[in-house]
Amino acid sequence: MSAQPMFFSPLVDTADHHRELRESVGRLVSKFGRKYYQDCVKRGEEPEALWAELGAAGFLGVHIPEEFGGSGGGVADYNVVVEECAAQGCPMLQLVINSITAPIITTHGTPEMKAEWLPGIAAGTRKICFAITEPDAGSNTHKVKTQVVSDGDGFLLNGAKYWTSGIDVSDAVMVVARDPEMETGDGRSALSLFLLPTDIAGLSYQPIEAAVMTPEKQFTTFYDNIALDAGALIGRRGAGLKQVFVGLNPERISAAAINNGISRFALNQAAQYARDRSVWGVPIGQHQGVSHPLAEAYVHVQAARLLNARAAQLFDLQEDAAEASNMAKFAAADASLKALDQAIQVHGGNGLSYEYGLADLWFIARLHKTAPVSREMILNHVAQHSLGLPKSY
């Protein structure tokens, strides 16, 4: 497998330093590469060595303010980091989780919370997972049943979540909970947001067997009469949903970056194979039946990357990035599945071999067609907010 993906097209860069950042991240991650990541998955281990080097190099904190150990760059820089890791064959979902939790703490956390958690996230020495999804709520976050009530000067938390990624290796979990004491009777649930250590009494979890081949494992989590002090509350009580949205657009951007990186890895592998593999005396890439589908996939991937770069830029400019972020995730998921499918096809039978590093990327790419927001909900958003059509849900 080649180390550096072959295209760094400046088309998608929204800042002068992005190419240098891409090259720096690519050099670091290429020392580990696809085989390292595959071995971590096979052994059921986290990519700790890679994570530590990313943190030491400052790449995990590019979107975190300088006063808390980051470089203060923003989501546009973080998009570059996430994409380049995936482009080297290491699509780490923890990077997506960090894109949610760090902006929320930066914007709504107490000074003590920021000082305690942000430097560790930036350095790669601390991890926070995120718990919002519930079996009976789905995309309707107002229907969550995990609930918090006042308990003296603190709170009491009860409920369950599922598809909580990486709680087994996290130091804390950020939980979205219904807060009935803050409801106003308008039919909409009030939500509050809390940060609690994963070793707190009353927290337990069990693994979910899943097809996604990543080091990060998925869990159902249980919160049984967990006593929280007042310092666990993030931001304003009852405003949790609004506060969560500070992290949801970066989450969509980072999820898209994972898929765009997978696309680049797949196209690079396919193009190299099409140049090297000869049948009947000529490289198979000389045939338009091979080259045209790859070229078309490349066009769609570049369009998805450009849209995602613009979404990240809008977020950093504190403009409305919802439309661009949703469309970027939608486009990246579709483009990556087409690029990956074509790359597998170019390899023939070898495309199904783990040795070539493609087949086991399939469900990671497919994941982001469903999560963190389904393509159907994105289409609902575009229909309602972009086209002005009546709300359908």
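The values are calculated or read from the model by the stated rules, or taken from the named source; none is laboratory data. Here the structure is a predicted model, which is why all the values come from computation and not from measurement. Don't worry about glycine lacking a Cβ; one is built from the backbone with ideal geometry, like all the others, and counts go over all protein chains shown. For accessibility, only protein heavy atoms count, side chains too; no ligands or nucleic acids. Shrake-Rupley method; radii C 1.70, N 1.55, O 1.52, S 1.80 Å.
Observations on the model:
- Segment 305-382 shape via C-alpha gyration tensor axes, a/c threshold 1.5: prolate
- 3J(HN,Hα) couplings calculated from phi for segment 58-73 with the Karplus curve 6.51 cos²θ - 1.76 cosθ + 1.60 (θ = phi - 60°) are, in sequence order, x, 6, 6, x, 5, 9, 9, x, 4, 5, 10, x, x, 10, x, x Hz; Gly and Pro show x.
- Whole-percent carbon and sulfur share, accessible surface of segment 295-365, 1.4 Å: 56 percent
- The phi-based Karplus calculation (6.51 cos²θ - 1.76 cosθ + 1.60; θ = phi - 60°) puts the 3J(HN,Hα) values of segment 179-186 at 10, x, 5, 9, 6, 9, x, 8 Hz, whole numbers, x for Gly and Pro.
- Here the simple spin-label model places points 7 Å from the Cα toward Cβ, and for GLN318 and SER291 these points are separated by 5.0 nm.
- Mean ellipticity per residue at 222 nm, deg cm²/dmol - from DSSP H runs of n ≥ 4 across the chain, formula -39500 (n - 2.57): -15500 deg cm²/dmol
- Reach of LYS242 by Cα under 17 Å, taken over lysines that are not fewer than 8 positions away in the same chain: LYS143
- Within the straight-line cut-off of under 18 Å between alpha carbons, the aspartates and glutamates reachable from LYS145 are GLU134, ASP136, ASP179, GLU181, GLU183, ASP186, ASP224, sequence neighbours fewer than 8 places apart in one chain being disregarded.
- On Cα atoms only, tilt of 240-276 relative to the major axis of the chain in degrees: 10 degrees
- Amide H contacts under 5 Å for GLU134: TYR162, restricted to partners 5 or more places along the chain or on a different chain, H placed in the peptide plane at 1.01 Å from N.
- Taking the protein heavy atoms of segment 187-259 in the context of the full set of protein chains, the accessible area attributed to carbon and sulfur is 53 percent at 1.4 Å.
- 3J(HN,Hα) along segment 99-115, derived from phi through the Karplus expression 6.51 cos²θ - 1.76 cosθ + 1.60 where θ = phi - 60°, amounts to 6, 8, 6, 5, x, 5, 5, 4, 8, 10, x, 5, x, 5, 5, 4, 5 Hz, with x in place of Gly and Pro.
- What the chain shows is 43 Å² of accessible area per residue, with the surface traced by a 1.4 Å probe over protein heavy atoms.
- Tensor-based shape of segment 101-236 (alpha-carbon gyration tensor, a/c under 1.5 rounded, otherwise prolate or oblate): oblate
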